Structures are given as C-alpha cells and as structure tokens.
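Read through the structure below, which is laid out as structure tokens, and then see the notes.
Rule-based calculations on the coordinates, nothing more; no lab input. Computed from a predicted model, the values in this text were never measured in an experiment. When we count neighbours, we look across all protein chains shown, and the Cβ atoms used for this are built from the backbone with ideal geometry, even at glycine.
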Amino acid sequence: MINYTEKIPNNVDLGRDRVLQRALEHWQPAYMGWWYDMGPNESHNYEVYLRTAISVEPDGWAQFGYVKMPEYRWGIFLQPRDEKREVNFGIHKGQAAWQDVPGEYRSTLRRVIVTQGDTEPASVEQQRMLGASCPSMYDLRNIFQVNVEEGRHLWAMVYLLHRYFGRDGREEAESLLARRSGDADNPRILGAFNEATPDWLAFYMFTFFTDRDGKFQLCALAESGFDPLARTCRFMLTEEAHHMFIGETGVSRIIQRTCEVMKENKVEDRSDVPALGVIDLPTIQRYLNFHYSVTLDLYGSDVSSNAANYYTNGLKGRFEETKINDDHVLSEALYPVSEVIGGKIVQKQVPALTALNERLRDDYIREIESGISRWQRVIDKAGIPFRLTLPHKGFHRAIGNFAGHSVSLEGEVLSEEAWKKQEYRWLPSPRDQAFVQSLMSGRVVELGKFANWIAPPARGINNQPLNFEYVRFN
Ligand code: BYC
C-alpha cells in the first residue's frame with residue numbers, strides 16, 4: 001500500500017532516508033510552481049473526478065473522487081521488488097539485477113532517465129490550453145487525468161535522479177522543470193514533444209500514437225537490469241494504458257460522428273462534409289499521417305550504436321524481452337533495415353544489436369495497425385467507402401535513414417519539389433487546422449452534452465452516467 005500520510009506519498013519508505021526526503025521536499029515547491037505556470041490553464045480551482053493510485057497491486061489500485069488538481073497526491077510508487085530478479089540480456093545476463101547504478105553506466109543511465117522524464121512535463125505543456133475547447137465534461141476530466149498522471153511520471157523519474165545520481169541527478173531534476181515544449185532557446189529533448197497540440201483531434205491522435213511510444217519505451221526500460229528503473233516503469237505502464245484508451249476511443253468517436261452525419265444527410269461528395277460541422281475523413285487521415293510519422297522518429301536512428309550499447313550493457317531491453325526465444329545477447333543475429341540508395345528504398349541486413357531502435361519501432365507499428373483496423377471497422381459498419389491507411393515508414397521522417405529524403409505516402413522516393421507539391425494532400429494544411437479549430441471554438445460543459453463533431457462514449461468513467469458532473473468549476 002501507498003503511504004499517503006507523508007508529505008510525499010510513496011511506497012519506497014522515503015521517511016527512512018532523511019537526506020533524500022529533504023531533497024525531494026525541496027524540489028516539490030519548484031514542481032508546484034511549474035504546475036501553476038504550465039499545467040492546465042485556469043484549472044486550479046476546479047474539482048475534478050480523478051482516480052488516484054492507492055496500491056501498486058494490479059487489482060483495485062484506483063480510488064475515484066473529486067480533487068483540485070494542485071492538491072493531487074503526486075508521489076513515488078514502484079512495483080514491489082522481486083528478490084530473485086536477474087539481468088535478463090546482454091553481457092551481464094544471469095547476474096542479480098542491480099539495486100544500485102553500476103559506476104560505468106552512470107552517465108548513460110542518467111541520460112536515458114532524463115530523456116524519458118523530459119517527455120512527461122512536455123506533454124502537459126503541449127496540452128495546457130485544450131480545456132477551453134473541450135467537447136464535453138467527460139473529455140475534460142479525461143485530459144486532466146492524463147495531465148496529472150504525466151506529472152506523476154515526472155515524479156517517478158525525478159525520484160530515480162535524486163535517489164541514485166547525487167548532485168548531477170538533482171541538477172537534471174531542476175532542468176526538467178526549466179525546459180519548455182516548443183521553446184526556441186530551451187526546448188524539450190525529443191522532436192515530437194516540441195510540436196503543438198492545438199486541438200482535440202491532435203490531442204487524441206497524440207494519446208493514440210505518441211503515448212504508445214511511451215508504452216513501448218517503458219516496456220523496454222521495464223526490462224532494465226537496473227531494478228529501480230524497471231520497477232518504476234512497470235507501474236507507469238498501468239497508467240499509460242488509460243491514456244491510449246482515451247486516444248483510441250477519442251478518434252473512434254470522431255470518426256463515428258462523421259459517419260453518422262454523412263449518412264443522415266446522404267452525403268455523396270466528401271467536400272460537403274465540413275459544412276455539416278463534423279471533421280471529414282480525409283482531414284482525419286492527414287492528422288493520422290502527421291502524428292504517426294512524427295512518432296516514428298521517437299524511436300531514434302534505425303542503426304544506432306547507442307541502442308546496441310544500452311542492450312549489451314543490460315540497461316534497456318527489447319519489447320517483451322523475457323518472452324523472446326533467443327540467446328538475449330544478439331551476438332550473431334541479423335535484422336532488416338531500410339535505406340535509400342539511388343532514389344530507391346532497399347532493405348539490408350545489419351547486426352540485430354545495432355537495429356534495436358528499428359525493431360522496437362516495428363513492434364510498435366504492428367500494434368498501431370490493429371488500432372487503425374478498429375477505426376476502419378467504424379467506417380465499414382456505416383457503409384462508407386473510405387479506407388484509412390498507414391503511411392510508408394519512410395514518409396515525413398526527420399530521424400534515421402529516411403531523414404533528408406522525400407518519401408511519398410506509398411513509399412516512392414520523390415524530388416523535394418514533387419513532395420512539396422503534395423504536402424497538403426498528405427499532411428494537415430493551415431486550412432485544415434483552422435477548420436478543425438473553428439469547430440472547437442468554445443467549451444461544451446453542460447451535463448451530458450457533447451460537441452456536434454464527436455459521438456458520446458459507450459460508457460462513463462467508473463460506471464458513472466454520461467451526464468455525471470465530472471468537473472465542478474466552482
Ligand atoms: N528527436 O542513436 P540515436 C513518453 C537523438 S514517450 C530529437 O538515433 P538513441 C510519453 C538522440 O537523443 C517515450 N533527438 O538514438 C509519451 C541522440 O542524441 P545524443 C520517451 C533525437 O539514443 C506521451 C542522437 O539523436 N522515452 O514516454 O538510440 C506523453 C542519436 O541517437 C530523436 C524514451 O524515449 C528525436 N526524435 O535513441 C508523455 C526512452 N531521436 O544523445 C510521455 C528513453 C534520437 O547523441 N530514450 N535523437 O545527443 C531513449 O531510449 C533514446 O534516447 C531514444 C533515442 C530512443 C529516444
């Protein structure tokens with residue numbers, strides 16, 4: 001169980017380590033300052049029907065109730081330790097999992113933890129203005145739930161930095177509150193976390209695509225030989241699942257509403273759809289193309305010596321490492337990666353050890369494909385002849401072997417000029433964005449009411465009805 005009587009709720013017996021406790025209590029007001037500045041805009045007095053973790057056990061960890069977000073009990077929760085856990089891959093395979101940071105891997109581990117930690121406040125910053133245009137109280141509550149949990153994920157990484165990395169760790173923890181998403185001088189570390197999330201379609205796409213990168217990266221880190229990192233990521237994953245649910249159902253509900261309105265109005269020509277106040281399917285496809293391609297970049301270069309070193313040294317594993325049936329050392333194995341040579345995309349085999357980013361990206365793509373087919377079913381059920389497709393892996397990429405090449409949706413290598421001509425057939429144009437935002441010009445918060453452009457969800461939160469007061473504005 002989690003101890004909520006302390007200033008910082010935790011299940012790591014924080015009270016026994018006074019120095020650490022004081023350091024974190026010193027960071028806490030800085031975190032609150034950041035939340036007041038960069039957390040959801042004008043929300044500090046709202047009472048929100050949120051779930052809070054009460055136990056790290058898989059059953060019954062959540063408790064629901066009204067909370068003012070600045071009073072949310074952010075804290076430090078690790079999955080319980082398995083005394084028999086070992087390092088399961090790389091050159092240290094078979095050793096007892098490390099309870100402390102091995103000296104030689106200190107700076108590498110710190111960098112990975114900082115990169116992970118940096119994404120959490122970044123996403124809160126990206127989403128901070130969306131409350132003003134929410135499509136319902138249900139959706140407003142959901143975005144706030146995501147935001148407070150991302151805040152907690154930041155706490156999770158900051159705990160590791162303070163507990164295991166001394167003074168450098170404390171400095172990194174401060175920098176995590178100083179960088180800002182999209183800031184020209186002090187941006188967030190990874191590309192996608194500096195993009196704007198200007199509207200709710202973008203928010204749902206982000207939670208479907210980008211939070212799922214979170215899932216796969218956390219799964220890889222949950223295999224780490226550094227046990228405290230593995231245990232904290234395991235607990236974070238339970239929260240991540242809900243964020244992806246919000247994304248998948250959010251987009252699905254938008255598609256459903258569009259299809260309903262098209263059928264009601266017997267629309268034949270797609271260009272008539274926007275006039276009906278819903279988002280046309282080609283615009284949804286262009287948003288999908290954008291969020292997918294930007295998220296693919298988050299896996300890093302296709303061939304990466306960093307990734308090989310993380311693996312060899314037992315710091316970051318593969319997705320479901322312990323379920324894979326091989327030597328877990330990868331000294332001989334090969335893996336295919338794509339490359340652009342002479343205007344053509346070709347595949348070549350490279351040492352699997354160097355292709356671990358690509359492998360994780362491929363695992364991710366498989367899961368994305370099933371999600372897209374669930375969205376497609378909504379369109380098929382309505383009998384509308386439209387196919388959602390995933391762009392080619394090389395489309396609109398800025399990191400890895402495809403960076404610097406102009407690849408079409410179908411995977412044709414084009415001249416930059418030819419690509420530019422098609423850009424706004426493939427990616428959201430300023431006009432698309434202006435249109436989507438025009439539908440979301442104000443918030444919808446009457447009990448049980450939903451904006452015209454989105455269908456209600458199948459059920460409410462925690463078995464509450466859809467007309468439940470999920471947020472009290474005071
Ligand atoms: N943008 O060998 P390379 C989440 C840098 S999302 C900018 O290709 P490596 C969440 C890279 O840092 C999950 N820079 O890459 C979701 C390196 O720079 P340095 C976040 C990039 O190191 C939603 C250089 O390029 N967690 O949790 O193998 C809401 C060459 O590196 C990018 C993690 O990412 C980019 N896209 O892998 C809230 C896990 N890609 O160090 C939360 C931790 C690469 O040479 N991070 N670079 O200066 C990692 O494991 C690795 O850092 C990466 C990159 C997989 C990101």
> How would you rank VAL445, VAL378, going from fewest to most other Cβ atoms within 10 Å of each one's own Cβ?
Replying inline: VAL445, VAL378
>> Could you work out the relative contact order of segment 149-279? I mean the mean sequence separation of Cα pairs under 8 Å and 6+ apart, divided by the number of residues, in percent.
In response: 18 percent
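Determine the calculated [θ] at 222 nm for the chain from helices alone, applying -39500 (n - 2.57) to every DSSP H run no shorter than 4 residues and normalising by the residue count; nearest 500 deg cm²/dmol.
Working: 12 runs with 209 residues, N = 474.
Helix-only estimate at 222 nm: -15000 deg cm²/dmol.
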> When only Cα pairs under 8 Å and 6 or more residues apart are kept, what is the percent relative contact order across the chain?
Replying inline: 19 percent
> Roughly what would the spin-label model give for SER373 and ARG106, points 7 Å off Cα along C-beta, in nm?
Replying inline: 4.9 nm
> ALA132 to ASP82: extension gain in nm, 0.36 nm per residue of separation minus the Cα-Cα distance?
Replying inline: 13.5 nm
>> I need the shape label for the chain. Rule: rounded when a/c is under 1.5, else prolate if a/b > b/c, else oblate, with a, b, c from the alpha carbon gyration tensor.
In response: oblate
>> Using Cα-Cα distances under 8 Å and only pairs 6 or more residues apart, what relative contact order does segment 1-105 have, in percent?
In response: 25 percent
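If R0 is 30 Å, what FRET efficiency do you get for ILE365 and ARG270 from their C-beta distance, rounded to 0.05?
After rounding, the FRET efficiency stands at 0.65.
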> Roughly speaking, what is the centre-to-centre gap between segment 336-373 and segment 113-136 when only Cα atoms are used, to the nearest Å?
Replying inline: 28 Å
> Can you give the FRET efficiency for ARG167 and ALA62, using 1/(1 + (r/R0)^6), R0 = 30 Å, r = Cβ-Cβ distance, to the nearest 0.05?
Replying inline: 0.25
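Report the gain in length on full extension from ARG459 to ASP183: 0.36 nm times residue separation, minus Cα-Cα distance, nm rounded to one decimal.
Length gained, ARG459 through ASP183: 95.5 nm.
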> What is the distance in Å between the Cα centres of segment 258-313 and segment 428-474?
Replying inline: 20 Å
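Here are some pairs, LYS348/LYS420; LYS263/LYS393; LYS7/LYS215; which of them have Cα atoms lying more than 31 Å apart in this structure?
LYS263/LYS393
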>> Using a Cα-Cα cut-off of under 21 Å, which lysines could be cross-linked to LYS93, ignoring same-chain neighbours fewer than 8 residues away?
In response: LYS84, LYS316, LYS323
> Quick one: if the Förster radius is 22 Å, what FRET efficiency do PHE245 and SER429 give, using the C-beta to C-beta distance and rounding to 0.05?
Replying inline: 0.15
